[in-house]
1. Find all pairs meeting these conditions: Cβ atoms under 6 angstrom apart; at least six residues apart or on different chains; first residue within the range 305-333 and more than 18 Å from Pro279 (Cβ to Cβ); second residue basic (Lys, Arg) and open to solvent by 40 Å² or more (accessible area, probe 1.4 Å).
2. Being over 22 Å from the mean Cα position of the chain (by Cα), open to solvent by 20 Å² or more (accessible area, probe 1.4 Å) and of a type in the set (D, E, K, R) narrows it down to one residue among Arg237, Arg335, Arg233; which is it?
3. Looking at Asp27, Asp54, which is the one that is within 22 Å of Val147 (Cα to Cα) and modelled with pLDDT of 90 or more?
4. Give the residues of the range 253-270 that are in contact (Cβ under 8 Å) with a residue 60 or more places away in the chain and open to solvent by 10 Å² or more (accessible area, probe 1.4 Å), sorted by residue number.
5. Restricting to the range 28-71, count the residues that are touching a residue at least 24 places away in the same chain (Cβ under 8 Å), within 14 Å of Ala141 (Cα to Cα), open to solvent by 30 Å² or more (accessible area, probe 1.4 Å) and assigned to a loop (DSSP other than H, G, I, E, B).
6. How do the pairs read when you match residues in the range 115-139 that are more than 17 Å from Thr158 (Cβ to Cβ) and modelled with pLDDT of 95 or more with residues anywhere that are open to solvent by 60 Å² or more (accessible area, probe 1.4 Å) and basic (Lys, Arg), using Cβ under 8 Å and keeping only pairs 6 or more apart or on different chains?
7. Are any of the residues in the range 82-104 under 20 Å from the mean Cα position of the chain (by Cα) and farther than 30 Å from His223 by Cα?
Amino acid sequence: MNRAEGGLLCPVPLLTDGQRISLAHGDGARLSQRLIQQWILPILGGDTLRELGDAAVLPAVDGPLAMTTDAFVVSPLVFPGGDIGSLAVTGTLNDLAVSGAQPLWIAVALILEEGFPLTQLETFLRSMKRVADEAGVQIVAGDTKVVPAGAADQMFVTTTGVGRMLPGLRSQPTLLQPTDQLIVTGPIAQHGLAVMTARESLAIQHTIRSDCGLLLPAVRALHAAGIPVRAMRDATRGGVAAVLHEWATASHHTLTLHERDIPLADEARGLCELLGLDPLLVANEGTMLLAVPQECAPSAIHTLRQTEIASAATIVGHVRSRDVAPVTIIRSLGRDVPLDLPAGAMLPRIC
């Protein structure tokens, strides 16, 4: 970026190797067109995106729609089990899935820092495309902005998804009833620990990988099996504990966990103990919590375990009439104690 007399900024490339993002890539002129035509469209572009209209014109859909949007600022951009590209698409598609929707379309907005390597951008775009293809979702709209060096941390992504509601699968926590069973679909705390250890470069040998993955197959299986789901949510920021507190507030019941039943890998348990983290508060990206009527819990577990993403589904607790505390946990010694939420995030920038 050149600063002309009088303090005006002239957005011309700082670097001449053509391999990094410059401010001119975001000014709408020749380099912007080159970025779109040479780097973005060959990877993400389907018929709709290639039209490059101000808005994507989409076909009519029979039935109600669901829409969600999310911003991703994870640091570092690459972590064991994923990267910001796969995370950005997975996160939004999972939000649609646990809302009971079949994802159909997604829009992607990129905020790139001046100097960001184009080869790294290509890697993340391919990750987005891979996850979208896996889910059968089209990327139909997008935007790219470039900010000066130092104004962002390399790359941020915002994704917006639209899906069609699956008939009969409209869960909400206000439907929770006493004796309902709480189910977790896989080992918890994997994503938060994977990101944190990658960020901090801890001198700890481990094999923990993020659980970043699509929950759509598990939701489809529940729908196909006709399992009535009272509530369903991916346990991202705030982990399982945050979801339970939201549900307890909405339902006015007490939700109780059984510590011995909570799926947690030995390695993750050890790392949490070493770092002083409560695994119930650590983020997940491919693990969800759901509540089903007691009599349907065995069928739900059987159905979920037929899918790879939920092969470790386990009953971890139950709903009961409101007690003193909104959320409790029965510890290994049999004591039922309140499970509180901390005032702030234990691990910021994990998604």
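1. Once the first residue is more than 18 Å from Pro279 (Cβ to Cβ) and sits in the range 305-333, its partners that are basic (Lys, Arg) and open to solvent by 40 Å² or more (accessible area, probe 1.4 Å) give Ser311/Arg305.
2. Arg335
3. Working: Asp27 fails: modelled with pLDDT of 90 or more.
Only one candidate qualifies: Asp54.
4. His253, His258, Glu259, Arg260, Ile262, Pro263, Leu264, Ala265, Glu267 - these are the residues of the range 253-270 that are in contact (Cβ under 8 Å) with a residue 60 or more places away in the chain and open to solvent by 10 Å² or more (accessible area, probe 1.4 Å).
5. 3
6. Gly115/Arg20; Pro117/Arg20; Leu118/Arg20
7. We begin by selecting, within the range 82-104, every residue under 20 Å from the mean Cα position of the chain (by Cα); these are 82-104.
Narrowing the set further to residues that are farther than 30 Å from His223 by Cα leaves none.
Within the range 82-104, not a single residue is under 20 Å from the mean Cα position of the chain (by Cα) and farther than 30 Å from His223 by Cα.
Residue-by-condition table, conditions (1) within 18 Å of Glu267 (Cα to Cα); (2) out of contact with any helix residue (DSSP H, G or I) (no Cβ under 8 Å at 6 or more places or on another chain); (3) open to solvent by less than 50 Å² (accessible area, probe 1.4 Å):
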| site | (1), (2), (3) |
| --- | --- |
| Glu134 | no, yes, no |
| Gly142 | no, no, no |
| Ala152 | no, yes, yes |
| Pro167 | no, yes, no |
| Pro173 | no, no, yes |
| His191 | yes, yes, yes |
| Ser201 | yes, yes, no |
| Ile204 | yes, no, no |
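The values are calculated or read from the model by the stated rules, or taken from the named source; none is laboratory data. Source: prediction; values computed, not measured. Using ideal geometry, Cβ is built from the backbone for each residue, glycine included, and neighbour counts are taken over all protein chains shown. Side chains are part of the model used for accessible areas, which takes the heavy atoms of the whole protein and leaves out ligands, DNA and RNA. Shrake-Rupley method; radii C 1.70, N 1.55, O 1.52, S 1.80 Å.
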